[in-house]
Structure formats: C-alpha cells, structure tokens
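Down below is the structure, laid out as structure tokens.
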Amino acid sequence: KQGAADVGQFQRFAYGGVTKEISEDVFRKWVRFLVSEPDAHAASVALVLYHGYYLRQSQDRLPEVLTLQVLINPSLFQESDKMMQDQMASYYWTLIGKAFVNLYPSRSAELAETMLEHFGIGGTIIGGLHSKTHSVLGEILQQHPQDTWERIAKYLGPPVDLRSLTIKRWLRGEDFKGRGEDFKGRGEEGALSLVPPDAVWQWVDQDVESRAWYLATFVPKLLFSEEDQTCWAREILVRYGEREDVRRNLIANFSSEGWIGPESVHLDNKRRELLEFREDEEDKKVKLWIDEYVSVLQ
C-alpha cells in the first residue's frame with residue numbers, strides 16, 4: 001500500500017486504455033485504496049480511473065457498492081482548491097453518477113441525500129450555482145419524484161442559507177438571456193417542473209404563513225395557461241393569491257432578470273404581454289396580481 005504522497009502515480013494509468021490490461025480484482029483494490037485516502041487529489045484520480053475502466057467499455061459492468069463509494073467519497077464533498085480547479089472531476093463524476101442511478105435506481109436515494117446535504121458548498125464536487133453535477137439529482141428526481149421532493153424540502157428552508165438558496169435556484173431554473181421578455185416562452189423551467197404539484201401544495205399547506213410567499217420566490221418565471229402543463233406562477237396565485245406577501249414576492253421573482261437593449265422597451269413589452277394574458281384570464285386573484293405588476297412596470 002502506497003502513501004498519500006504517491007497517489008499521483010495512479011494517474012499514469014488514467015489515459016490511453018492502459019487499465020484494460022489490469023484484472024478487475026486488482027483495479028478494485030486500487031479504487032478502494034484511493035477512496036480510503038482523505039485527499040481530494042486521490043478522489044479525483046479515482047474518478048478518472050473509474051470512468052476509463054468501466055464507462056468506456058460497458059456500463060452494465062458497473063459495480064453497485066463500489067460505485068456508490070466512489071460517488072459519495074467524503075473527500076469530494078469537503079472544500080478544497082483541488083475541486084475548484086479540476087473541472088474534469090465534476091465531468092467524470094456526473095457521467096458515473098448518471099450511469100449509476102440508471103443502473104441502480106433503488107440506491108439513488110443515498111446519492112441524493114449526500115448531494116442535498118452539501119448542495120451549494122463551494123470547492124466541492126457539486127459546488128457552484130450551475131454545476132453540471134446537479135443534473136444527476138435531476139435524474140434521481142425524475143425516477144423518484146415524491147421521495148426526492150421530501151428530501152429536498154428538508155433543506156429548502158426557510159430560514160435561507162447558501163444551501164437552500166442554491167436549491168431554490170436549481171428548482172426555479174436560472175435564465176440570463178432575457179426570457180422575461182416572453183412570459184409564454186419555454187426553455188429550462190428548472191427542476192420544480194419534475195416535482196408532483198400535489199406534493200408541493202401539501203408542503204405549503206403545512207405552514208402557509210411561512211411557505212406560500214417563500215414558494216413565490218422560486219417558482220419558474222413563466223406565465224401561461226395550458227391544460228397539460230402546470231404553470232406554477234399562475235397556480236400559486238389561484239391558491240394563495242389573496243395574500244399580499246405572495247403577490248409581492250412573485251413580482252420580485254419575475255423582476256429578477258437580465259435583458260438586452262433599452263430598459264424602457266423591455267418593461268413596456270412585459271406590460272403589454274401581461275395585459276394580453278389578462279384578457280383571457282378568469283381568476284380574480286391572477287388578475288389582481290397582473291394589475292399590481294403592470295402598475296409597478298408603468
């Protein structure tokens with residue numbers, strides 16, 4: 001068994017298909033050693049080797065227990081400069097993670113719990129607001145929407161901290177391309193679109209005073225009316241729109257955006273589209289919110 005200082009020696013086997021000549025028994029011993037080292041570099045090397053040995057050949061050979069150990073390795077979830085600088089580590093982790101949840105869906109809850117516990121912590125394998133690793137949690141949410149939502153709700157707040165803030169943004173879906181100019185636009189609606197609406201309303205109804213306005217801060221910034229899709233913004237108004245704090249925070253949500261061109265033109269387009277939507281709207285609380293928002297824009 002080598003010391004931690006010699007971990008880098010394993011990196012020589014990461015490229016060029018060298019590991020194909022190594023027996024699986026020996027390879028697994030290598031990985032167990034790397035995972036046992038309390039070192040971000042060792043954890044990163046393990047990901048590179050693991051991807052090359054298993055995913056480049058056949059994902060069906062992916063070992064259940066060892067793969068989970070590689071993915072939830074504590075060294076990956078501790079802040080370190082290595083994780084911040086090594087973009088390929090998150091790339092390989094994401095590929096391995098997606099393969100694992102598709103091959104072993106019954107074990108994905110353990111991975112989801114580890115991800116949520118460390119969500120948004122910088123310098124980790126899942127750090128950052130737009131980390132590609134978040135897509136693994138999206139896969140798990142699609143597989144187990146009810147169970148995963150219950151896990152998400154534990155960390156969602158309020159109160160709000162960095163973790164809950166990052167989860168909120170992931171649920172809402174971030175947009176820096178000015179989609180606010182088109183309330184009926186489609187695109188990335190965020191992970192909330194994968195959650196059963198009834199589960200969310202049940203969560204809110206358990207504490208309407210604290211959660212109704214809070215949900216209004218992170219529903220997707222889309223306003224539409226279609227029978228086969230849930231418009232979260234409209235639905236929250238239909239259910240809780242009599243509350244001033246819900247309407248106010250939803251306006252703030254929709255006003256958090258970027259755009260290109262003159263601000264006056266952008267705001268006038270928003271006002272016009274809101275009024276067009278109002279023409280066919282029947283719910284009084286939705287109309288009230290539109291009126292209030294138009295007044296702010298004007």
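Protein-only accessible surface at a 1.4 angstrom probe places the residues Asp228, Asp161 in the order Asp228, Asp161, largest first. Take each peptide in 268-281, 247-260, 42-55, count the other Cβ atoms within 10 Å of every residue, and average; sorted highest first, the result is 42-55, 247-260, 268-281. Straightening the chain between Val238 and Asp60 buys 59.4 nm, computed as 0.36 nm per residue apart minus the Cα-Cα spacing. Between amide H atoms placed 1.01 Å from N, distances below 5 Å from Phe224 occur with Arg234, all of them 5 or more places distant or on a separate chain.
Note that segment 110-125 has calculated 3J(HN,Hα) couplings of 5, 5, 4, 4, 5, 4, 5, 4, 10, 4, x, 7, x, x, 10, 5 Hz, one per residue in order, obtained from phi through the Karplus relation 6.51 cos²θ - 1.76 cosθ + 1.60 (θ = phi - 60°); glycine and proline are x. For the pair Ala252 and Ile22 in one chain, pulling the backbone fully straight at 0.36 nm per residue adds 77.1 nm over the alpha carbon distance.
The values are calculated or read from the model by the stated rules, or taken from the named source; none is laboratory data. Quick caveat, the model's predicted, so the values are computed rather than measured. Here the Cβ is made from the backbone with ideal geometry for all residues, glycine too, and neighbour counts use every protein chain on show. Heavy atoms of the whole protein, side chains included, go into the accessibility calculation; ligands, DNA and RNA do not. Shrake-Rupley method; radii C 1.70, N 1.55, O 1.52, S 1.80 Å.
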